[in-house]
Amino acid sequence: MGTETPGRTSTASYVTVWDVDLTQALDHRAKCRDLLSDDETARASRFARDVDRWRFEASHAALRLVLGDRLGLDPRDLAFGATPSGKPYLAGKLSGACRFSLSHSGSRALIGLSSSAEIGIDVEEVRPMPDLLRIARAHFAREEIAALEALSPRDLTAAFFACWTRKEAVAKATGQGLSLPLDSFVVSVTPERAELLAMPDGTNAWSLHALPTAPGYAAALAIMAANVDCVRRTLPPDWAAGLSAISQQGP
């Protein structure tokens, strides 16, 4: 199911990242929705814009698809829970079987799967924002702000989104999400090289990766373990069309 590019480490110590194009899923919206739980369908319905609803439905259907493939289960049989801070996890008899993280933006979704380490993933559609430095000064650490202020306007946008996705990925991995102050830790802003430079507890037992994805997007993966690599896999563009074979199997 897709292509794989192995990293440097053994298969026991890497995180798998699935890259998902949501574009064609719009043509198979009912198939995506058939995989979702009542709770997921209700969450999708809360979005004001229809485009946000179908992207939620498609990305969560893709999550069920790759998790089901990983665990050898019908995607509809997966049950999810969430921590008080909102970090999702597999619930019931599958609790602890696989850690995962999902992010979607625009027509792109990324899904990270880990056997043991906690992970966080983030993808953002890069777009012109005239107030990047104002946002950075309001939320980022001093070292990051200084690094961004030193850049030329031509390089600022890419660096800002590189920094933003890395900080979001770290916050997700900790399980604290938005409750973790973004200025309490420091990441690199260079698009090509992701580094976690400082954490509040002083630990360096982390792996941080800048993820290649579609043009016009920035993405990052944070792993709460040192020296862990990742492999990237890609669902085919028409992945949602194949969901009919799953739904035809019946419950």
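The values are calculated or read from the model by the stated rules, or taken from the named source; none is laboratory data. What you see is a predicted model, and the numbers here were worked out from it, not measured in a lab. Using ideal geometry, Cβ is built from the backbone for each residue, glycine included, and neighbour counts are taken over all protein chains shown.
Applying the selection to segment 179-190, what residues are touching a residue at least 12 places away in the same chain (Cβ under 8 Å) and either closer than 21 Å to L102 by Cα or under 15 Å from the mean Cα position of the chain (by Cα) (or both)? Walk me through it before giving the result.
Restricting attention to segment 179-190, the residues satisfying the condition of being touching a residue at least 12 places away in the same chain (Cβ under 8 Å) are 179, 182-190.
S179, L182, V187 - these are the residues of segment 179-190 that are touching a residue at least 12 places away in the same chain (Cβ under 8 Å) and either closer than 21 Å to L102 by Cα or under 15 Å from the mean Cα position of the chain (by Cα) (or both).
Identify the single condition in (1) modelled with pLDDT of 95 or more; (2) among the polar types (S, T, N, Q); (3) in contact with a strand residue (DSSP E or B) (Cβ under 8 Å, 6 or more places away or on another chain) that T41 does not satisfy, given that it satisfies every other one.
Only one criterion in (1) modelled with pLDDT of 95 or more; (2) among the polar types (S, T, N, Q); (3) in contact with a strand residue (DSSP E or B) (Cβ under 8 Å, 6 or more places away or on another chain) is unmet by T41, namely (3).
Can you tell me which residue among A241, A173 is in the same structural domain as S107 (by TED's automatic domain parsing) and either touching a residue at least 24 places away in the same chain (Cβ under 8 Å) or touching a Cys at 6+ places or on another chain (Cβ under 7 Å) (or both)? Walk me through how you get there before you give the answer.
Details: A173 fails: in the same structural domain as S107 (by TED's automatic domain parsing).
Of A241, A173, the one residue that is in the same structural domain as S107 (by TED's automatic domain parsing) and either touching a residue at least 24 places away in the same chain (Cβ under 8 Å) or touching a Cys at 6+ places or on another chain (Cβ under 7 Å) (or both) is A241.
Please give the number of the condition A169 fails out of (1) closer than 21 Å to S107 by Cα; (2) surrounded by fewer than 20 Cβ atoms within 10 Å (Cβ to Cβ).
(2)
If you go through segment 46-56 one residue at a time, do you hit one that is surrounded by fewer than 13 Cβ atoms within 10 Å (Cβ to Cβ), over 17 Å from the mean Cα position of the chain (by Cα), in a helix (DSSP H, G or I) and in the same structural domain as H104 (by TED's automatic domain parsing)? Lay out the reasoning, then the answer.
Taking segment 46-56 as the starting set, the residues that turn out to be surrounded by fewer than 13 Cβ atoms within 10 Å (Cβ to Cβ) are 46, 48-51.
In the following step, the residues that additionally are over 17 Å from the mean Cα position of the chain (by Cα) were identified as 46, 48-51.
Then drop every residue that is not in a helix (DSSP H, G or I), which leaves 50-51.
Next, from what is left, pick out any that are in the same structural domain as H104 (by TED's automatic domain parsing): 50-51.
Among the residues of segment 46-56, at least one is surrounded by fewer than 13 Cβ atoms within 10 Å (Cβ to Cβ), over 17 Å from the mean Cα position of the chain (by Cα), in a helix (DSSP H, G or I) and in the same structural domain as H104 (by TED's automatic domain parsing), which makes the answer yes.
In a helix (DSSP H, G or I) and out of contact with any Asp or Glu (no Cβ under 9 Å at 6 or more places or on another chain), is that true of A162? Write out each step before concluding.
Working: in a helix (DSSP H, G or I): yes; out of contact with any Asp or Glu (no Cβ under 9 Å at 6 or more places or on another chain): no.
No: the conditions fail for A162.
A150 fails exactly one of the following numbered conditions: (1) surrounded by fewer than 16 Cβ atoms within 10 Å (Cβ to Cβ); (2) in contact with a Leu (Cβ under 9 Å, 6 or more places away or on another chain). What is the number of that condition?
Of the numbered conditions (1) surrounded by fewer than 16 Cβ atoms within 10 Å (Cβ to Cβ); (2) in contact with a Leu (Cβ under 9 Å, 6 or more places away or on another chain), the odd one out for A150 is (2).
In segment 19-41, which residue that is under 18 Å from L110 (Cβ atoms) and not charged (D, E, K, R) is nearest to the chain's Cα centre (by Cα)?
For segment 19-41, the residue satisfying everything is V20.
Looking only at segment 136-157, how many residues end up being part of a helix (DSSP H, G or I) and out of contact with any strand residue (DSSP E or B) (no Cβ under 7 Å at 6 or more places or on another chain)?
Of all residues in segment 136-157, those part of a helix (DSSP H, G or I) come to 136-139, 142-149, 153-157.
Retained after the next criterion (residues that are out of contact with any strand residue (DSSP E or B) (no Cβ under 7 Å at 6 or more places or on another chain)): 136-139, 142, 145-149, 153-157.
Residues in segment 136-157 being part of a helix (DSSP H, G or I) and out of contact with any strand residue (DSSP E or B) (no Cβ under 7 Å at 6 or more places or on another chain): 15 in total.
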